[in-house]
C-alpha cells in the first residue's frame, strides 16, 4: 500500500508556484491542512477517489467479491482468506447480500457482519451489497444506518430477485435499484459511495439492450459513482458495452466483472442464475473434461488471463472485478499471472490498520496487542477518537471488556484436537508448559512429533522480526521465561528494510528492545534485584492476575518503542508501552491461559490444574531497554537473573 | 531546570507496588495521566508546590525582586536583565506595584506589563505585587482579572502606603493586606498563589512585635501561601522571627528578604522608607567609605554572603529572596559565592518556554522564530491551545500580525548610532550587505573596525550551535546567500551534550540539517535547477515578499527537524519546518529589512534604496536535508548552485 502514498492534501492546498500574494497569516491552520500525516493516502480517500487516482496514475487494480458463509466455522475461514487475499492489494472487496440469510442481522454469518469484519478487523475497503426488492423503506434505512455506524462507506445498490412469480411493482415502493440509489442519496446525502450493476449483454428482463443501457444511465444520474458489470465470456462483449455506455453519456468508471471458471457445476449454476449463455467454444472445451476439476480450473485460469489481458491492453480498463466464489486459488493465480497481485512487504505502519473512517487518523497503539490486532480493535471500538501522533494525547475512554473469547474472528483457527496435539494431551508440570513455548519459538516438533504453530497469544507462527531473536528466546523459554511478545532494538534502518521497515520510503525506523513474558514469582524476585542495576536504562512493568503492579516508570507516561523519521513529515511513533493499557492487556493475557488452554482439559484434571496454577501465580512482565543505540541489554538482565538464582 | 524533572504525576497515580486488585481497564485514561510528557515538572507545578518540592529535596533556591522602570528604554534593559538573571535559575521573580506609576495599565513600564513580560516572554515564574489601600473593590478586581488573563499566577498582597497623612480606615474598604487576601480568595478561589509580607522586627506601625505576629498569622489563615520578609541586617533577627512565627502556629514557608548593600544612598533611602535602623557595626564600616561605591558594594556582598550562609546553615531556611534594586552585579556575586546560582546549560526544550499556564503543554514550534522567540510568543498569544506532541494536531488559529515592531521587548537593544556602525553608515551596493552578514558570522570587525554583534533577525551574537557551521556559513554569505537561521544535522547525540543537548538526561537528540537565507532571484533560478538533483532528499520552500511560493513539499505537512528520544517517554519533536507558518514568518522576516535596517537611513538615500531593493526582489529560502544520518548535503547544494552560475 505504501507505494501508493501520494499527496492527498496537495491538490487543493499545495501549489508548486502559486503566484499572487497569498498570505499564510490569513488562513486558519485547520482549514488548510490534513489533521494527520498522510502516511497512506488510501486511509483518507473515498473509494471513488482511489479509483480516480489509480486511473490518473495508470496503476491497474483489482477487486474481489465474496458471499457470506453459512456457518460460523466457515466465517472464521473466510476472515483468514480476507487477510491472505488482502495481502495481494485489492482496491476493495465486496460482500453480497443474501436476503434469505438475515443479511442485516448481527449473526456472525450475515452480510452486514462479514462486511463489518472486513472493514474494521481486516482493514479492507469494502462494498456491502444491498437489495431493495420486497423491503420497506424503514427496513432499508435501518440497514443503511447500521452500515454507516459500523464504518461501511460503500453500497452496491441492487434490486434483488423478486420473491414469487406474481411480483408486481409497488407504488412508491422499492422496485428497482434506482429507487435504492435515490433513497441513499436522499437520506444519506454524499456519505456513501454507490455502485450499481451493469449488464454487458443487457439485463435478462430488460425490453432491449438499448432500454437497459438507458436504465443504467438513469441509475448513474440518480447518484451512482461507478458500475460493476455482470460476468461475460468475451472481452469484446465488455468493450462494446463500455463504448455504448460512453456513447449515451455515462462517464463514471465501469469495472468488468471477471469470472474465472473454477468447476463445471459452479459454472452451470451461475449461468442459470444469471441467465447468460456460455459461448459454444467454451462449452466445447469444458464438456469433455467436466469431471476433471483441475483441468477445468486450469482452463478457466487460462481463459480469464487471456480475456483480462485483452481488457487491460485495450487501454480503457483500469480495474478488474473478480467473482471469487469464496475461493482463493484460481483468482490468485490469474492475478499473479497478470502481474497485478502486488504483495507489498512494506507496511504503512508496523501494525495492520483498520478501515473504519473514524480510525483513519489512528497512528499509535500499545505494543501489547501486536499479535492480537483484532482484539485491540474490538476493545477500542467504542472510542470516539483515536491516538494520533501521541498516545498521551488521547482522550479516549477505557478499553472494553473482552469477556467474549468466542467472537468468531478471534477464535483459534485450529480445532481442539489440533491444539491438544500442539500444547500437550497431558501436562506433567510447569516444565511441560515451558516445552510448548520453546517448541513454538524453535519451530521444532514437540516430543510427540507435532509442531507448535500457534499459542493462545499468537495465532500465527513466529513473526520474521521475532526470528531475529530466536536463539535467545529459545534459551530463556526453556528456563521458564515464557515469552509472548518481543522486538529487537533498531537504530535507524531504512524504512524500506524488508523485515523491520514500514512507512514511506526514504525514511529511517527505530525501535527500543522489548520483551514480554510470563514467569514465576521466584524468578520475579530475582529479576527485581537484578533490575536495580539497570534502573536508569530499563523500564519495567510487572503485574500478576490480581493486579499487583511493580514498576519503575516515573509516572503514567507511555514509552515510545517504535518510531520512524520520514522526509518532509513529523515523527511517527506507532507503538508505545503504555502503563495504563498494560493493565487492560494483563486481564486479557491472563484470561487466555484459561479460556484457550486450561479449558482444553477436563475440569479438575492435573493438566488443567497446572495451567490454572500458572494463571494464578505467575507474573506478566514487560521490559524496555531505553538505550536503543547500544546492544540490547535485556538478555543480560535475564542471564543475571538466572545467575542470581543459582 | 532539567535536573529537577521529577514525577509530577506519580504522587497520585504511579505506585511502586499497589497491592489489591486495581483494574486498569476500569479507569478512564483522561483522569489517570498527565496530558503531556513531563519534560519539566516546573512547567506544571504551582509556585507553592515548587517550594514544597525544593524543601523536600533539600535543594536551596533563591528569588529576585525588581521594580518597574521609569522609561521604555529602561524597560528594554530590564527585560534583558530578566533573561540574564533568569539563567541563574531563580525559583521566581517578583515585580513591585507602584501606585503612582499607573501599575495596572498597558504602559510598557507598568508593573502589570513588566510582570506579563517576565512570565510570557522570559518564561519566569513571577509574583506581581498588588496594594489595596485607597482603591475600590472594582479596581482591585479589575487588576486581578487582568493579571489572570495575562497568565500571572501569583500575587503578593500588600496594604501599600496610605496617601496623605489623615488616612483613616474605611468601613468595608481595603484597609489592610488581609482584606486583599480575603478578597482574592473570595473572588478567585484557589487560582492565585498568595504571598504576604512579614516584618522580622515587627511592622513599624504595629502596636507591638507580638501584635504584628498575630496580624501575620491572620493573613496566613485568611489564605496566604507563604511569607516574604522585609529586609533585616542580622541572621538572628530572622531566625528569632521564624521561631516566633512557628510558635504561634504559622507553618507556611517564610522566606527571608536579603538586601545586599550596594551603595550609601540606596541604603539610606531604603532604610528611611522601611523605617528600619541600621546596626551600629554596619554604620561604622560604611560611613568612612561612603563615597567609595566599589568598596561599599564589596562590603555589602561580604555581609550578605555571610548572613545568607548563617541562614542556610541554620537548616530552617530553604530559599533566599533578594532585593536587587534592579541591579545585577552584587546579587549575582552573592548567589555565585553561595553556590546557588546554577547556570544549567541543559534545556528542557531547544527553545525558551513561556510560563503562561495555557502554554504549559506547548512542546512544538516552527524553527523560523528560533532567534525571535518573543515575537513568536507575541504572535501566538491569542491561541487557546498549543501544539503538543505534533504540530499538525494543533487547531490553533492563525498567527497574529506583527505590525508593531515597536513592542518594547522586541526592540533592538542597540541604539541607532550603534546599528549604523555595525551595518554601515553608507551602503554602496548589495555587496556591502553581504559583508555585514559575513562579519556577523565571522565575528571579525567590518572595514570600519566595528564588530557586527546583532542583525535584524538575530538580536544576539551567533549561537554556539551555529558556530559549528561557521566556516561554511562565512563562505556562502560572502557570495550572497544571506543566512538568517541554520542548524547542523545530528544523528543521536546524548541529551546531555553541552551544545546540542536538551531534555532529560539518558536520552538522545537528533536534528535534520536546516538552512534559511535570503538570496537574489538569479541565485534562486540556479538553485532550483540544482535542487532537481536532490528532489528526494532535500525539501525546500522558496518565497518572495509578494508571496510567490515554490516548494517540493508534497502537501502542507510539517517536517520535524529536531527530536529527542528519552527513557520512558514518548518522542518529543520540538521543532518543525511548517509550510503554513513559513508564510507568516516570511512577512515578518521581510519586514525586518525595512523596519530595522532601511529606516536607519534617510528616505530616498542610496543606502535605503539598496535595502528596499533587496526587500522587494530577494527570495527567502529554507532547505531541509532529510537524510540526517548522512553528511549534510546542503553545502553541496549551494556549491553546485554557484558552479552552475559560473
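Considering the stretch B:363-394 alone, what residues qualify as being within 12 Å of chain A (Cβ to nearest Cβ), under 19 Å from residue B:622 (Cα atoms) and part of a loop (DSSP other than H, G, I, E, B)?
Hit for the stretch B:363-394 is B:364, nothing else.
Take the conditions in contact with a helix residue (DSSP H, G or I) (Cβ under 6 Å, 6 or more places away or on another chain), surrounded by 17 or more Cβ atoms within 10 Å (Cβ to Cβ) and on the phi < 0 side of the Ramachandran plot and apply them to residue B:485. Does it pass? Break it down stepwise before answering.
Details: in contact with a helix residue (DSSP H, G or I) (Cβ under 6 Å, 6 or more places away or on another chain): no; surrounded by 17 or more Cβ atoms within 10 Å (Cβ to Cβ): yes; on the phi < 0 side of the Ramachandran plot: yes.
Answer is no for this residue.
Just checking, does the stretch B:595-604 include any residue being under 31 Å from the mean Cα position of the chain (by Cα), surrounded by 20 or more Cβ atoms within 10 Å (Cβ to Cβ) and without any contact (Cβ under 8 Å) to a residue 24 or more places away in the chain?
Yes, the stretch B:595-604 has at least one match.
Would you check which residues across the stretch A:193-211 are outside any loop (DSSP other than H, G, I, E, B) and surrounded by 20 or more Cβ atoms within 10 Å (Cβ to Cβ) and list them?
A:193, A:194, A:195, A:196, A:198
Just checking, which of B:278, B:285 is in contact with a helix residue (DSSP H, G or I) (Cβ under 9 Å, 6 or more places away or on another chain), at negative phi and without any contact (Cβ under 8 Å) to a residue 24 or more places away in the chain?
Step by step, each of B:278, B:285 is checked, and only B:285 is in contact with a helix residue (DSSP H, G or I) (Cβ under 9 Å, 6 or more places away or on another chain), at negative phi and without any contact (Cβ under 8 Å) to a residue 24 or more places away in the chain.
Sort out which residues of the stretch B:604-613 are assigned to a loop (DSSP other than H, G, I, E, B) and either at pLDDT below 95 or in contact with a helix residue (DSSP H, G or I) (Cβ under 9 Å, 6 or more places away or on another chain) (or both), and write them in order of number.
Answer for the stretch B:604-613, where residues must be assigned to a loop (DSSP other than H, G, I, E, B) and either at pLDDT below 95 or in contact with a helix residue (DSSP H, G or I) (Cβ under 9 Å, 6 or more places away or on another chain) (or both): just B:604.
In the stretch B:503-514, is there at least one residue being more than 8 Å from chain A (Cβ to nearest Cβ), out of contact with any strand residue (DSSP E or B) (no Cβ under 7 Å at 6 or more places or on another chain) and over 30 Å from residue A:366 (Cα atoms)?
So far as the stretch B:503-514 goes, no, none of its residues is more than 8 Å from chain A (Cβ to nearest Cβ), out of contact with any strand residue (DSSP E or B) (no Cβ under 7 Å at 6 or more places or on another chain) and over 30 Å from residue A:366 (Cα atoms).
Considering only the stretch B:522-564, how many residues are within 7 Å of chain A (Cβ to nearest Cβ), in contact with a strand residue (DSSP E or B) (Cβ under 7 Å, 6 or more places away or on another chain) and closer than 19 Å to residue B:365 by Cβ?
Residues that pass the stated criteria total 6.
Among the residues of the stretch B:353-362, is any crowded, with 23+ Cβ neighbours inside 10 Å, modelled with pLDDT of 90 or more and under 23 Å from residue B:409 (Cα atoms)?
Yes.
Can you tell me how many residues in the stretch B:434-457 are buried (at least 18 other Cβ atoms within 10 Å of the Cβ) and under 19 Å from residue B:412 (Cα atoms)?
Summing the residues that are buried (at least 18 other Cβ atoms within 10 Å of the Cβ) and under 19 Å from residue B:412 (Cα atoms) in the stretch B:434-457 gives 10.
Can you tell me which residue in the stretch A:178-192 is nearest to residue A:220 (Cα to Cα), limited to those that are surrounded by 22 or more Cβ atoms within 10 Å (Cβ to Cβ) and within 30 Å of the chain's Cα centre (by Cα)?
Filtering the stretch A:178-192 for residues that are surrounded by 22 or more Cβ atoms within 10 Å (Cβ to Cβ) and within 30 Å of the chain's Cα centre (by Cα), the one nearest to residue A:220 (Cα to Cα) comes out as A:181.
How many residues does the stretch B:81-114 contain that are closer than 20 Å to residue B:177 by Cα and under 11 Å from the mean Cα position of the chain (by Cα)?
0
So which strands (runs of 3 or more DSSP E) are wholly in the stretch A:51-170 and hold at least 3 residues that are under 23 Å from residue A:344 (Cα atoms)?
A:61-66, A:92-95
Determine whether the stretch B:548-565 contains at least one residue that is surrounded by 18 or more Cβ atoms within 10 Å (Cβ to Cβ), more than 29 Å from residue B:399 (Cβ to Cβ) and within 31 Å of the chain's Cα centre (by Cα). Show your work before the answer.
Taking the stretch B:548-565 first, the residues surrounded by 18 or more Cβ atoms within 10 Å (Cβ to Cβ) are B:549-565.
Adding the requirement that they be more than 29 Å from residue B:399 (Cβ to Cβ) leaves B:565.
Restricting the remaining residues to those that are within 31 Å of the chain's Cα centre (by Cα) gives B:565.
Yes - at least one qualifying residue is present in the stretch B:548-565.
Which residues, taken from the stretch A:427-442, are part of a loop (DSSP other than H, G, I, E, B) and either touching a strand residue (DSSP E or B) at 6+ places or on another chain (Cβ under 8 Å) or more than 17 Å from residue A:596 (Cβ to Cβ) (or both)?
Correct list: A:428, A:429.
So, in the stretch A:444-468, of the ones that are in contact (Cβ under 8 Å) with a residue 12 or more places away in the chain and farther than 24 Å from residue A:80 by Cα, which residue ends up nearest to the chain's Cα centre (by Cα)?
A:468
I'm checking my understanding of the structure. Among residues of the stretch B:399-426 that are assigned to a helix (DSSP H, G or I) and closer than 28 Å to residue B:520 by Cα, which one is farthest from the other protein chains (Cβ to nearest Cβ)?
B:421
Answer yes if at least one residue in the stretch B:584-592 is more than 14 Å from chain A (Cβ to nearest Cβ), assigned to a helix (DSSP H, G or I) and surrounded by fewer than 24 Cβ atoms within 10 Å (Cβ to Cβ), and no otherwise.
yes
Looking at the stretch B:619-646, which of its residues are under 34 Å from the mean Cα position of the chain (by Cα), assigned to a loop (DSSP other than H, G, I, E, B) and more than 12 Å from chain A (Cβ to nearest Cβ)? Spell out how you get there, then give the answer.
Narrowing the stretch B:619-646 to residues under 34 Å from the mean Cα position of the chain (by Cα): B:619-629, B:632, B:634-635.
Within this subset, residues satisfying the condition of being assigned to a loop (DSSP other than H, G, I, E, B) are B:626-629, B:632.
Within the stretch B:619-646, just B:632 meets the criteria.
Do we find that residue A:575 is in a strand (DSSP E or B), modelled with pLDDT of 95 or more and more than 9 Å from chain B (Cβ to nearest Cβ) in this structure?
Details: in a strand (DSSP E or B): yes; modelled with pLDDT of 95 or more: yes; more than 9 Å from chain B (Cβ to nearest Cβ): yes.
Here the answer is yes, as residue A:575 does meet what is asked.
Here is a yes/no grid of residues against (1) under 22 Å from residue B:55 (Cβ atoms); (2) modelled with pLDDT of 95 or more; (3) buried (at least 19 other Cβ atoms within 10 Å of the Cβ):
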position: B:217; (1), (2), (3): yes, yes, no
position: B:228; (1), (2), (3): yes, yes, yes
position: B:288; (1), (2), (3): no, no, no
position: B:321; (1), (2), (3): yes, yes, yes
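Restricted to the stretch A:261-275, and to residues that are in contact with a helix residue (DSSP H, G or I) (Cβ under 9 Å, 6 or more places away or on another chain) and part of a helix (DSSP H, G or I), which residue is nearest to residue A:160 (Cα to Cα)?
Here the answer is A:267.
On the basis of being within 14 Å of chain A (Cβ to nearest Cβ), at pLDDT 95 or above and surrounded by fewer than 18 Cβ atoms within 10 Å (Cβ to Cβ), does residue B:616 make the cut?
Yes, satisfied.
Just need a number here: residues in the stretch B:363-406 that are under 26 Å from residue B:453 (Cα atoms) and at pLDDT below 85.
5
The values are calculated or read from the model by the stated rules, or taken from the named source; none is laboratory data. Here the structure is a predicted model, which is why all the values come from computation and not from measurement. A quick note on method: Cβ atoms are made from the backbone with ideal geometry, for glycine too, and the neighbour counts reach across all protein chains shown.
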